[in-house]
Structures are given as C-alpha cells and as structure tokens.
Amino acid sequence: MGFVKEFKEFAVKGNVMDMAVGVIIGGAFGKIVTSVVDDLLMPLVGMLTGGVNFTDLSVKVGEATLKYGNLIQNVLDFLIVAFCIFLMVKGINKLKKEPEPEPEAPAEPSAEEKLLTEIRDLLKEKK
C-alpha cells in the first residue's frame with residue numbers, strides 16, 4: 001500500500017502538474033511554430049535561395065540516399081522554435097513584477113566600533 005501512496009503523492013505534486021501543463025502547451029505551441037515555419041518562413045527562404053526546397057536536397061552514395069536537406073530544414077525549424085521560445089520567456093519575465101527590496105535594518109556596530117565610540121566619548125568628556 002505504501003507504493004500506491006507514494007505514487008499518488010508524486011503524481012499530485014505541483015511540479016508534476018506544472019510539467020504536464022507545460023508539455024501540453026508546448027505541443028500546441030509547437031504546432032503553431034511549425035505552421036509559421038512551413039507556411040510562411042520557408043517559402044520566403046526558398047525565394048531568397050532561388051526556389052531551392054531544402055527537403056529535396058540529397059546526395060546518392062552507392063545504394064544509400066543522404067537527405068541532408070531534411071537536416072537543414074530541421075535545424076532551421078529548431079532555431080526558429082528556440083528563438084520564439086526565447087522571446088516568449090523574455091516577455092513573460094518582463095511582465096513579472098520584481099519584489100521591492102526590503103529596507104535594510106541598521107547593522108549592529110562591531111565590537112571595534114563600540115570601543116572606538118567609547119574612546120571618542122571619553123575624550124569629549126575630558127575636554
């Protein structure tokens with residue numbers, strides 16, 4: 001029975017639930033970014049490169065076909081997704097309010113400072 005209880009505590013922890021929500025939102029966001037890349041950006045990149053479709057680029061080595069164009073496409077997709085996520089996280093961080101720093105309490109004078117203060121006060125009294 002201890003195993004089931006431990007699993008239940010693990011599954012309902014806030015961190016696990018936050019991670020699950022993040023994965024779901026990330027999947028949905030990934031579809032949007034993929035659409036932006038495939039439907040908007042790559043046609044523009046294709047125009048700039050003279051109509052080259054990266055996914056069609058390949059080289060034949062013996063019987064094998066190396067589709068390096070597909071690798072280029074995936075690297076570009078990754079860079080665009082990473083940049084979009086960077087911008088999103090940066091925007092969210094700007095929206096978060098930073099807590100105002102608490103005013104520092106005056107520090108307790110050190111033993112040396114106390115001794116010097118006493119000496120100063122004694123010297124004032126002698127005058």
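The values are calculated or read from the model by the stated rules, or taken from the named source; none is laboratory data. Computed from a predicted structure; not experimentally measured. Because the Cβ atoms are built from the backbone with ideal geometry, glycine has one as well, and the counts that use them run over all protein chains shown. When the accessible area is computed, the model is the full protein with side chains, heavy atoms only, and any ligands, DNA or RNA have been set aside. Shrake-Rupley method; radii C 1.70, N 1.55, O 1.52, S 1.80 Å.
For the reader, a short list of remarks on this structure follows.
Results for (1) closer than 25 Å to THR34 by Cβ; (2) in a loop (DSSP other than H, G, I, E, B); (3) open to solvent by 100 Å² or more (accessible area, probe 1.4 Å), shown as yes or no for each residue.
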site: GLY69; (1), (2), (3): yes, no, no
site: ASP77; (1), (2), (3): yes, no, no
site: VAL81; (1), (2), (3): yes, no, no
site: VAL89; (1), (2), (3): yes, no, no
site: ILE92; (1), (2), (3): yes, no, no
site: LYS97; (1), (2), (3): no, yes, yes
site: GLU102; (1), (2), (3): no, yes, yes
site: ALA105; (1), (2), (3): no, yes, no
site: ARG120; (1), (2), (3): no, no, yes
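- If you go through the stretch 107-118 and keep only what is hydroxyl-bearing (Ser, Thr, Tyr) and surrounded by fewer than 10 Cβ atoms within 10 Å (Cβ to Cβ), you end up with just SER110.
- Of all residues in the stretch 4-41 being assigned to a helix (DSSP H, G or I) and basic (Lys, Arg), the one that is nearest to the chain's Cα centre (by Cα): LYS31
- Restricting attention to the stretch 42-53 and to residues that are open to solvent by less than 60 Å² (accessible area, probe 1.4 Å) and within 29 Å of the chain's Cα centre (by Cα), the residue that is farthest from GLN73 (Cα to Cα) turns out to be VAL45.
- A Cβ distance below 9 Å, combined with a sequence gap of six or more or placement on separate chains, defines the contacts here; from the stretch 65-88, residues that are closer than 14 Å to LEU41 by Cβ and at pLDDT below 80 reach residues that are among the β-branched types (Val, Ile, Thr) and open to solvent by 70 Å² or more (accessible area, probe 1.4 Å) in the pairs CYS84/ILE32.
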